[in-house]
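The values are calculated or read from the model by the stated rules, or taken from the named source; none is laboratory data. Note that the structure is predicted; figures quoted are calculated from it, not measured. In this analysis, Cβ positions are derived from the backbone assuming ideal geometry, glycine residues included, and neighbour counts consider all displayed protein chains.
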Amino acid sequence: MDNIIEIKNLTKVFPGVVALDNVNINIKKGEIYSLCGENGAGKSTLIKILSGIYPKSTYNGYILLNGDKIEFKNNKDAETAGIVTIYQELSLVQELNIAENIFLNNEPSNKFGVIDQNKLFKKTQKLLDQVGVNNNLSEKIADLSSSKKQLIEIAKALSKNGKILILDEPTSALTDKETEILMSILKKLKKKGITCIYISHKLSEVLQISDRITVLRDGKLVGTKVSKETNFKELTKMMIGREINKVYQKEKHSILETVLKVKDFCVYNEKGKKIVKNVTFEAKKGEIVGFYGLIGAGRTELLSGIFGAYPNRISGDVYIRGKKVQIKNPRDALREGIFLLSEDKKKYGLFMDNTLQFNITISSLNKIIQNFVISKDKEIMYCNKMVNTLSIKTPLLSTYIKNLSGGNQQKVIFAKSLMVEPSIFFLDDPTIGIDVGAKREIYSLIKEIAKSGATVVLITSELNEIIGMSDRVITMYEGEIRGDEKIELTNRKSILNKIFGGD
Amino acid sequence: MYIALIFIWLFFTVRTEGTFITTRNLSNLSRQVSILSILATGMTLVIITGNIDLSIGSLMGMIGGICGVLQVWYSWGTLPVIIVAILCGALIGLLNGYLISFIKIPSFVVTLGGLLMFRGALIAINRGITISPMAESFKFIGQAYLPEELGYLLSIGLILIFDLIFVKSRNFNIKYNFKIEPLSKFVLKLVLYDTLIIIFVLIMNMYRGIPIPVIIMLIIIGIFTFISQKTKFGRYIYAVGGNYEAAFYSGINVKFIILYVIVLMGILSSIAGIMLTARLNAATVSAGMNMELDAIAATIIGGTSFSGGIGSIPGAILGALIMSSLDNGMSLLNMNVYWQYIIKGIVLILAVWFDIYYKKE
C-alpha cells in the first residue's frame, strides 16, 4: 500500500512546552490508523496540524499528502485537500435537522443562493445509507441519540469528499453497543478506500479496530505497532513508560451502616413523562455503588434529581442516616453532605476562564473566610494541599483552568469535592475522555474516598469500570432498576442482559 | 489603555492651547468623571454576571426628578430627600432584579423597558419642566470642595493605603515564591503612583480643592473593589457570570447573587442621580440621558467581557476617564455634537479591537 500521508521531522513548540518533538509518521492509504498516548502526549497537536488549525508557519518539519508537500493555512484548506476532522465535542447545530446539518455551509444551491431542497435531501439520503442511519432526514439533531449524532458527523465528513477522516475520541459518549455500530461503519468505509486516523483512550477499542497503532509520549514517538502483533499490556507500557499490573486494585473495605436511602424516586422530563420510575435504593458508609445502564436509562437524571439540580419535576423521598431530608437545590444537597460530579464537566463543573484556586475553593469559601474576607493564605494552603494529594499537574495555582489537560481538569473537580468534605459522592462518569494514566489515578482516588468512610455512587459507561470499582452494581433500564446485586454475585453477561431489558 | 489616555490628554492640550490642562478644567473633568465612574463601577458588576442594565440613565434622571420635587416643591430637608432617593433606587433595582433573575426575562428587555418607563416617569414627575434651585446643603454634594488641609491629609492617607496594599501583596508573593517584579521597578512604580496622587491633590488645591463628588467616587470605588476582590459575594459574582450552571451546581444561590448586583446598580444609579442634580443645581427632564451608554462603553473599554465572568472595577474607572476626557476635550474645542458622537463611537470600537488584538498576541 502507498503512503497517503508522510510526516517528516515534525516539531511544534508552545511557550514552555515541546508539544511535538521531531515526529516521523507514515500513514498508509485505506488503513485505520490509531494514535495513542496520555493527555498531553501530543495527539491533539498533531491532529490540529493535520487539519490546518495550526498553519504551516507555526511548526517545523513537513507533511506530504500523496507525495505533495502540504501548506494549509486553515481548516478549510485541509478539508479541500480531503482531510476532515470529527471532533470530540460534536459540532452539530442542535436545532437544525439532519440534512441541514450535513450540508451546513455547503448547501446545494442555485446561483442566487436559494437552497435546492430536492438535491439536499437526495444527497443526504445517499450519505445516510453509507453510514447506516435510517432516521427521517427532517428530524432535529437534538432528538437523536449520541451514537446517531456521531454517525451524522461522519456522514458530514463524507459529504465534504473526505478521503482521510480524523476521529477524535468518537466513542467517548457512546455505550458499548453503540461503539460496535460505529466500528462496523468504519470498517465499511475502509473497504471503500477511506483512510481513518483514530484517536481514543479506550485501548481495547483501538486494538479491535485499527490496523496499526502509534504511541506518543511527551511529544515523542514511542513506536508503531501492527495491532495484531501487540496487546493491551504492551501499549499501556509504551504510553506511560512503565507496566500497569492491575488497573483496578480491588480492596476489601468495611461496609457499615446505611447512609443514603432513596425511596420511590421519580423524575419527569419537561413534557411530564416519567423518565426515572419509582427508584428505591440504599448506599452504605464506605461503599461504592455502581449504576450501569445504557445512555438514556435515567441514571444521570436520577442523581441530578436527588442532588436538587434537575430542572423539572421530581418526587420521592431521600433519607440521610435515617433522617428525611428536603433537597430543593444543590445548595441544600451540599449542606446535607452530597457532592455531584457531573458527566459534563465543562458545562456543570468548571469555570474555564478562572484560575485553579478559584475552581477548587468556590464551593467551600466559608473555610477560607476570616472576618468576612477571603484569606489568601488559607486559600493557598488548602489548594497546595489538594494539588499535592491529587498530583494535579499545573505550573501555578493561578493558572487558568482552560490551560490544563482534561485529566487535570477532572482532578480539579475532585479537589473541589474534597474541599467540601461531603459524606456522599455522586460521580457521574468521572473518567470520561481521560487517558489511562489519569484514569488509574482517579480509580485509586475513588477507592481512597470510599475507604475514608464516604459513600460513593458511581455512574460509568464502561462495564469494566463498573465491575472493577463497585461493591454493588445497580442496573437500570428505561428509568427502572432491573437489578441490585453484590458484585461477587453477578457477572458480565447478567449485567449486560439487564441493561438491554432482559431478565 | 493608559497610553491611549495620555495620548488623548496630550492631543487636547495641544489643540486647546493649554485650556485642557488648566486647573479649572481638570477640576471640572474630575467632577464629570466621578458620576460616570460610579455608574461604571456598578455596570462592571452587572456585566460580569452576564447581564446588562440599560435603564440607569433614565433611572438617574428620575431619581433627580424625585429629589427636585421633594426638595423644591415640598421643601423637604436634604437628608430625608437623599434617603428616599436611595431607597427608590434600591426598590427599582429589586424589581428589575426580580424580573431578570426569578422570572428570567432577559436583562436587556427588562432594562430597555426601564429606560423608557423611567424617562416617562421623570417627565410626569417634573411635569416637563426644570426644577430648581436646590438647597445649599444639597448642592454641597455636587459643587463643594474639600478644604486644602483636608485635601493634603487625604493624599497622605491615600498614599499610605496604596503603598500598604502594594507592599503587602509583594510580601505575599515573596512568601509563596510567586513571580515578583524586581525591587527597583517595584519602588519606581510606588513612587510613580504616589507622585500621581500628590500631583492630583496639588492641582485640585490650586483651583479650589478636591471636589466632593471625587471623594464620594473614591469611597465607592474602594468599597466595591474590595467587595469584588476580597469577599465571598465578589467571588460568586464572577462565578455566576463565568458559568451559571456550574455556579448553581457549586451550591451558589445564583438567583440572589444576580438580584443583589442589580439592586446595587440601582443604589449606585440613584447616588449618581443625586450627584448630577446637585452639580446642575436642578432636576431636568433630560438628566442622565445616554449615560447608560457611556457607562457601558467605559466598562467595555476597561476590559470587562460581555460574555460574563471577566472584568475589573479599576479597568472600568480608566474607561470612564477616557470617555469623560473625550467629552470634556471635544466640548472645549466646540466640536459639533455629531462629531462628538462619531468619535466616541470610534474610540469604543478601537478600544475593544485593540484589546482583542493584544490578547491574541
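Structural remarks
- Qualifying residue in region A:402-415 (condition: hydroxyl-bearing (Ser, Thr, Tyr) and closer than 30 Å to residue A:302 by Cα): yes
- Check on residue B:201, in contact (Cβ under 8 Å) with a residue 12 or more places away in the chain and closer than 26 Å to residue B:88 by Cβ: no
- Only one of B:345, B:302, B:308 that is surrounded by 24 or more Cβ atoms within 10 Å (Cβ to Cβ) and out of contact with any His (no Cβ under 7 Å at 6 or more places or on another chain): B:302
- Within the option set A:352, A:386, being assigned to a helix (DSSP H, G or I) and either modelled with pLDDT under 95 or facing another protein chain (nearest Cβ under 7 Å) (or both) holds for one residue only, A:386.
- Restricting attention to region B:1-49, the residues that are of a type outside the set (Ser, Thr, Tyr) and within 12 Å of the chain's Cα centre (by Cα) add up to 11.
- Residue within region A:397-417 that is out of contact with any helix residue (DSSP H, G or I) (no Cβ under 6 Å at 6 or more places or on another chain), in contact (Cβ under 8 Å) with a residue 12 or more places away in the chain, at the interface with chain B (Cβ under 9 Å from one of its Cβ atoms) and within 28 Å of residue B:306 (Cα to Cα) present: yes
- Region A:290-310, subset surrounded by fewer than 24 Cβ atoms within 10 Å (Cβ to Cβ) and hydrophobic (A, V, I, L, M, F, W, C), residue nearest to residue A:464 (Cα to Cα): A:294
- Residue list for region B:340-361, restricted to those being in contact with a helix residue (DSSP H, G or I) (Cβ under 7 Å, 6 or more places away or on another chain) and under 16 Å from residue B:8 (Cα atoms): B:340, B:343, B:344, B:347, B:348, B:351
- Within region B:55-113, the set of residues being closer than 21 Å to residue B:133 by Cβ, outside any helix (DSSP H, G or I) and of a type in the set (Ser, Thr, Tyr) comprises B:74, B:75.
- Any hit, region B:279-294, residues being touching a Leu at 6+ places or on another chain (Cβ under 6 Å), within 13 Å of chain A (Cβ to nearest Cβ) and more than 25 Å from residue B:24 (Cβ to Cβ): no
- Filter pass, residue A:359 being without any contact (Cβ under 8 Å) to a residue 40 or more places away in the chain and either within 10 Å of another protein chain (Cβ to nearest Cβ) or assigned to a helix (DSSP H, G or I) (or both): no
- Residue in region B:304-314 that is of a type in the set (Val, Ile, Thr), closer than 30 Å to residue B:66 by Cβ, in contact with a Phe, Trp or Tyr (Cβ under 6 Å, 6 or more places away or on another chain) and within 14 Å of another protein chain (Cβ to nearest Cβ) present: no
A quick yes/no check of all residues on (1) crowded, with 24+ Cβ neighbours inside 10 Å; (2) under 18 Å from residue B:257 (Cβ atoms):
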| residue | (1), (2) |
| --- | --- |
| B:47 | yes, yes |
| B:56 | yes, no |
| B:65 | yes, no |
| B:68 | yes, no |
| B:73 | no, no |
| B:84 | no, no |
| B:100 | yes, yes |
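- Looking only at region B:240-250, and only at residues there that are part of a helix (DSSP H, G or I) and free of Cβ contacts under 8 Å to residues at least 60 places away in the same chain, the one that is farthest from the other protein chains (Cβ to nearest Cβ): B:247
- Only one of the numbered conditions (1) under 22 Å from residue B:318 (Cα atoms); (2) more than 14 Å from every other protein chain (Cβ to nearest Cβ) is not met by residue B:184, and that is (1).
- Residues satisfying the stated conditions in region B:219-238, i.e. more than 18 Å from residue A:372 (Cα to Cα) and free of Cβ contacts under 8 Å to residues at least 40 places away in the same chain: B:219
- Count of region A:319-333 residues which are surrounded by fewer than 15 Cβ atoms within 10 Å (Cβ to Cβ) and not basic (Lys, Arg): 2
- Flag for residue A:332 being within 11 Å of chain B (Cβ to nearest Cβ), farther than 24 Å from residue A:448 by Cα, among the charged types (D, E, K, R) and not in a helix (DSSP H, G or I): no
- Applying the criterion of at least 2 residues that are under 25 Å from the mean Cα position of the chain (by Cα) and either closer than 30 Å to residue A:204 by Cβ or in contact (Cβ under 8 Å) with a residue 60 or more places away in the chain (or both) to the strands (runs of 3 or more DSSP E) found wholly in region A:1-73 leaves A:17-28, A:32-36.
- Qualifying residue in region A:425-445 (condition: touching an Asp or Glu at 6+ places or on another chain (Cβ under 7 Å), within 14 Å of another protein chain (Cβ to nearest Cβ) and under 22 Å from residue B:238 (Cβ atoms)): no
- Evaluation of residue B:264 against (1) more than 14 Å from every other protein chain (Cβ to nearest Cβ); (2) exposed (fewer than 14 other Cβ atoms within 10 Å of the Cβ); (3) of a type outside the set (Lys, Arg) (one fails), failing number: (2)
- Qualifying positions in region A:366-382 - more than 8 Å from chain B (Cβ to nearest Cβ), surrounded by 13 or more Cβ atoms within 10 Å (Cβ to Cβ) and either touching a Cys at 6+ places or on another chain (Cβ under 9 Å) or not in a helix (DSSP H, G or I) (or both): A:375
- When residue B:256 is tested against (1) within 14 Å of chain A (Cβ to nearest Cβ); (2) farther than 17 Å from residue B:51 by Cα; (3) among the hydrophobic types (A, V, I, L, M, F, W, C), only condition (2) is not met.
- Single unsatisfied condition, residue A:431 versus (1) closer than 27 Å to residue A:301 by Cα; (2) surrounded by fewer than 22 Cβ atoms within 10 Å (Cβ to Cβ); (3) of a type in the set (Ser, Thr, Tyr): (2)
- Selection count where residues are more than 7 Å from chain B (Cβ to nearest Cβ) and crowded, with 17+ Cβ neighbours inside 10 Å, scope region A:335-345: 7
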